[in-house]
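Read the structure below first, then the notes.
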Amino acid sequence: MKIDKKIIVNALIALVVYAAVMGLVKGGVLSRQMMSLITPVCVYVMMSVSLSLVVGFLGELSLGHAAFMSIGAYTGCLFLIATKDILPVLVSLLLAVFIGGVAAALLGVIIGIPVLRLKGDYLAIVTLGFGEIIKSVFNSLKITGGAKGLSKIPLVATYKNFTFVFILMLLVILLVSHLVNSRHGRAVCAIRDNYIAAEAVGIPVSRYKILAFVIAAFMAGMAGVIYGANLGILKPANFDYNASIEILVMVVLGGMGSIKGSIIAAVILTLLPELLRGASDYRMLIYAIALIAMMLFNNSSFKRNLTEKRNLQQAEKLSKEV
Amino acid sequence: MSLINAILEQLLNGLRTGSIYALIALGYTMVYGIAKMINFAHGDIIMVGAYTLYVCVSLLHLHPILAVVITILVCALLGVVIEKIAYKPLRQAPPLAVLITAIGVSYLLQNLALLIFKATPIPFASIIKVPSIKIGGVHVSGLTIVTLIVTTISMILLTLFINKTKAGRAMRAVSEDKGAAELMGVNVNQTISITFAVGSALAAVAGVLFIAQYETLLPTLGALPGIKAFVAAVLGGIGSIPGAMLGGLILGIIESLAKAYISTQLSDAIVFSVLVIVLLVKPSGLLGKMKIEKV
C-alpha cells in the first residue's frame with residue numbers, strides 16, 4: 001500500500017501546482033514577465049529530468065543536451081509553420097511535439113551507437129563537439145534562417161496553452177520516474193554503478209546505454225518544440241555550450257540520481273535569474289562555483305562522516321526495534 | 001604553378017594553427033596520462049595567457065620578452081593552483097565528479113575574465129613583428145616562421161625534459177603505474193603538480209602564439225582551440241606525447257584545407273567529424289596504445 005500512497009501524494013501535488021498556476025494566471029495576479037516564465041519553467045523541468053536520466057542514472061556525461069533540444073525545436077517548429085493554416089492548433093502542436101522528439105531521438109541513435117561504446121570522457125567531448133556541429137549546420141542552412149534565426153513560429157505553447165504544456169511535462173516526469181523504478185531502470189543504474197558486474201550478470205550494456213540516451217534525446221526534442229512555440233523565434237546561438245551547461249547545473253545541484261531534485265532545481269534556476277536581474281553578471285560565475293563546490297562537498301570526508309553517522313543511527317534504531 | 005603555391009600556402013597555414021593545437025594537445029595528453037582525467041579547463045588557460053600578455057604589454061608597458069615570461073609563469077602557477085584546489089580532493093572520486101568539476105573550473109575562468117574584462121572584444125596587436133619572406137614564390141608570413149620555430153623548440157625541450165631529467169622519469173613512472181611509482185619513492189603529488197605546471201606553461205606559449213594570430217581578446221577565446229586540441233590529442237592517441245604533436249599538425253592541416261576548399265562555416269563541423277570517425281575506427285588514436293581492460 002505504500003506505493004499507492006506515494007502516487008496519490010504526487011498526483012495531489014501536481015493538481016495543486018496546476019490549480020495554483022491556473023488560478024494565478026486567470027486571477028491576473030502575475031506580471032507579464034512572470035507569465036512569460038511559465039512555459040520556460042516547464043521546458044527546463046523537462047530538460048533537466050531527461051538529462052538526469054543520462055547523467056544521474058546512466059552515469060554518463062552528455063554536454064550536448066541543448067543540441068538535441070535544438071534539433072527537436074527546429075524540426076517541430078518548421079512543421080508548425082508549415083501546418084499552421086491546415087490543421088487545428090492542438091493537432092498541429094501535438095504532431096509537432098512528436099516529430100521534434102523523433103528527430104532528436106534519431107540523432108540520439110546516430111550519435112549514441114558509435115560513442116556509447118566508449119568511456120565517459122569521450123562521450124562528454126563527442127556530445128560537445130556534436131553540439132557545435134549542429135550549431136554550425138543550423139547557422140549555414142537556409143531553411144532554418146541561418147544565424148538570424150527561424151522566426152514567425154506560431155505562438156501556440158505560451159501560458160495560454162498551459163494545460164497542454166503541463167500535461168506534457170507530467171508525462172515526461174512520469175515516464176522517467178517509472179522507467180527508473182522498472183527492471184530496465186535498475187539495469188541502467190547497475191551499469192552506472194559497475195558496468196563490468198552488470199555485463200557479467202547478463203545486462204546488455206550498450207543496448208541499455210543507447211536506450212537511456214535516446215529516451216533522453218526524445219524528451220529534449222519535445223521540450224525544444226515547446227520552447228520554440230513559446231518564444232516564436234529560434235536562433236542557433238540559443239542552443240550553445242552554455243545552454244547545455246545550464247541544464248547540467250540543474251541536474252547536479254538538484255542531486256544526481258534524484259528526479260525530484262532536478263525538478264526543484266530547474267524551477268528555481270529558471271525563476272531566480274529573472275527575479276535577481278541586478279546580479280545577472282554574477283549568475284554564471286555563481287553557477288560555476290556551485291558546480292565545483294557541490295562536487296568537492298559530495299566527495300569530502302565531511303560528507304562521508306555525516307552519511308556514516310546517519311547509517312549508524314539507522315542501524316541502531318533497527319536493532320532496537322528488533 | 002599558382003594552384004600549387006596556393007595549396008602550399010594553405011598547408012603552411014595549417015602547420016601554423018596545427019602546431020598551436022599540438023602545444024595545447026600536449027597539455028591534455030600529459031595530464032590525461034598522469035591524472036587520468038580530461039582537464040576541461042585547459043583551453044581556458046590559453047585565454048588566461050592571452051589576457052595576461054595583454055595586461056603586461058598594453059597596460060603595464062613591459063618589454064615583450066619579459067611579458068611572455070610572466071605569462072608563462074602565471075599560467076603554470078594557475079595550473080598548479082587549480083589542481084591543488086579542485087582536482088586533488090577528487091582523486092578517489094568517480095570520473096564523472098572530476099569531469100563536472102573540470103567543467104566548473106573552465107566556466108569559472110571564463111566568467112571571471114568576463115567580469116574583469118567585459119564581453120566586448122579587445123583588439124590587441126600582435127607582439128610578434130617579423131617581416132614575411134618569399135620562398136620560391138610561396139609567401140611565408142613572419143608569424144608562421146616564429147610559430148613554427150617556437151613550437152619546435154618547445155617540443156624538443158619537452159621531449160628532453162621527459163626523457164632525460166629525473167622529474168620527467170618520475171612523470172613517466174606515475175603515468176605507467178601510480179601505485180608502484182609511489183612505492184618506489186616517487187613523490188606522486190609533486191609529480192602531478194609538475195605535470196600541471198608544464199602543461200599549463202605550454203598552454204601559455206600556445207596562448208601567446210594564438211593571440212598573435214587572432215589579435216582579438218575574448219573571454220571565450222580559449223574554448224574552441226581547447227576543444228580542437230583535445231580532438232588532436234584523441235586523434236594522435238591520448239596519453240601519447242608524439243601522438244599529440246602529430247595529431248595537432250594533422251588537425252591543423254585538415255582545418256585549413258577545409259576552410260579554403262570546402263566551407264568556412266562548416267570547417268568546425270568537419271574537425272569534429274574527424275573526432276567521431278577516429279573514435280569509431282581506432283579509439284586508441286594513431287599512436288596510442290590499446291589497453292586491455294582487466295576485471
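The values are calculated or read from the model by the stated rules, or taken from the named source; none is laboratory data. Please read all numbers here as calculations on a predicted model, not as lab measurements. Counting neighbours? That spans all protein chains shown, and the Cβs are built from the backbone with ideal geometry, glycine included. Accessible surface areas use protein heavy atoms only, side chains included; no ligands, DNA or RNA. Shrake-Rupley method; radii C 1.70, N 1.55, O 1.52, S 1.80 Å.
General observations
- In the stretch B:98-120, the residues that are touching a helix residue (DSSP H, G or I) at 6+ places or on another chain (Cβ under 9 Å) and surrounded by fewer than 20 Cβ atoms within 10 Å (Cβ to Cβ): B:LEU112, B:LEU114, B:LEU115, B:ILE116, B:PHE117
- Pairs with Cβ under 8 Å, 6+ apart, first in the stretch B:240-258 and without any contact (Cβ under 8 Å) to a residue 24 or more places away in the chain, second aliphatic (A, V, I, L, M) and surrounded by fewer than 21 Cβ atoms within 10 Å (Cβ to Cβ): B:ALA258/B:LEU266; B:ALA258/B:ILE270
- Near pairs, Cβ below 7 angstrom, 6+ apart or cross-chain, from the stretch B:223-235 (within 7 Å of chain A (Cβ to nearest Cβ)) to any residue that is open to solvent by 10 Å² or more (accessible area, probe 1.4 Å) and of a type in the set (Phe, Trp, Tyr): B:PHE230/B:TYR28
- Restricting attention to the stretch B:261-288, the residues that are open to solvent by less than 30 Å² (accessible area, probe 1.4 Å) and not small (Gly, Ala, Ser) add up to 6.
- Qualifying residues in the stretch A:46-88 (those that are within 13 Å of another protein chain (Cβ to nearest Cβ) and open to solvent by 10 Å² or more (accessible area, probe 1.4 Å)) - the one modelled with the highest pLDDT: A:PHE57
- All positions within the stretch A:242-298 that are within 24 Å of B:VAL98 (Cα to Cα), within 14 Å of chain B (Cβ to nearest Cβ) and polar (S, T, N, Q): A:ASN242, A:SER244, A:ASN298
- Checking each residue in the stretch B:224-241 for being open to solvent by 30 Å² or more (accessible area, probe 1.4 Å) and among the small types (Gly, Ala, Ser) picks out only B:GLY239.
- When the residues of the stretch B:85-97 are filtered to those that are in a helix (DSSP H, G or I), more than 7 Å from chain A (Cβ to nearest Cβ) and not β-branched (Val, Ile, Thr), the one that is least open to solvent (accessible area, probe 1.4 Å) is B:TYR87.
- Yes/no for A:THR127 being under 30 Å from B:SER267 (Cα atoms), touching a residue at least 24 places away in the same chain (Cβ under 8 Å), more than 14 Å from chain B (Cβ to nearest Cβ) and not small (Gly, Ala, Ser): no
- If the condition is being open to solvent by less than 70 Å² (accessible area, probe 1.4 Å) and outside any loop (DSSP other than H, G, I, E, B), then the stretch A:148-165 contributes A:LEU150, A:TYR159, A:ASN161, A:PHE162, A:THR163, A:PHE164, A:VAL165.
- Residues (hydroxyl-bearing (Ser, Thr, Tyr) and out of contact with any His (no Cβ under 7 Å at 6 or more places or on another chain)) located in the stretch B:129-178: B:SER141, B:THR144, B:THR147, B:THR151, B:THR152, B:SER154, B:THR159, B:THR165, B:SER175
- Members of the stretch A:193-210 that are closer than 30 Å to A:VAL225 by Cα and crowded, with 18+ Cβ neighbours inside 10 Å: A:TYR208, A:LYS209, A:ILE210
- Condition met for B:ALA212 (within 16 Å of the chain's Cα centre (by Cα), open to solvent by less than 10 Å² (accessible area, probe 1.4 Å) and closer than 30 Å to B:LYS84 by Cα): no
- Residue check, B:ALA201 more than 10 Å from chain A (Cβ to nearest Cβ) and over 26 Å from A:ILE111 (Cα atoms): yes
- Looking across the stretch B:23-58, the residues that are outside any helix (DSSP H, G or I) and surrounded by 24 or more Cβ atoms within 10 Å (Cβ to Cβ) come down to B:ILE38, B:ASN39, B:PHE40, B:ALA41.
- The stretch A:130-147 - residue that is open to solvent by 30 Å² or more (accessible area, probe 1.4 Å) and among the polar types (S, T, N, Q) and, of those, nearest to the other protein chains (Cβ to nearest Cβ): A:SER140
- Selection within the stretch A:95-122: residues that are free of Cβ contacts under 8 Å to residues at least 12 places away in the same chain and open to solvent by 50 Å² or more (accessible area, probe 1.4 Å). The member of this set that is nearest to the other protein chains (Cβ to nearest Cβ) is A:LYS119.
- Qualifying residue in the stretch B:44-61 (condition: polar (S, T, N, Q), under 21 Å from B:LEU109 (Cα atoms) and within 14 Å of chain A (Cβ to nearest Cβ)): no
- Screening B:ILE128 against (1) surrounded by 15 or more Cβ atoms within 10 Å (Cβ to Cβ); (2) β-branched (Val, Ile, Thr); (3) part of a helix (DSSP H, G or I) leaves a single unmet condition, (3).
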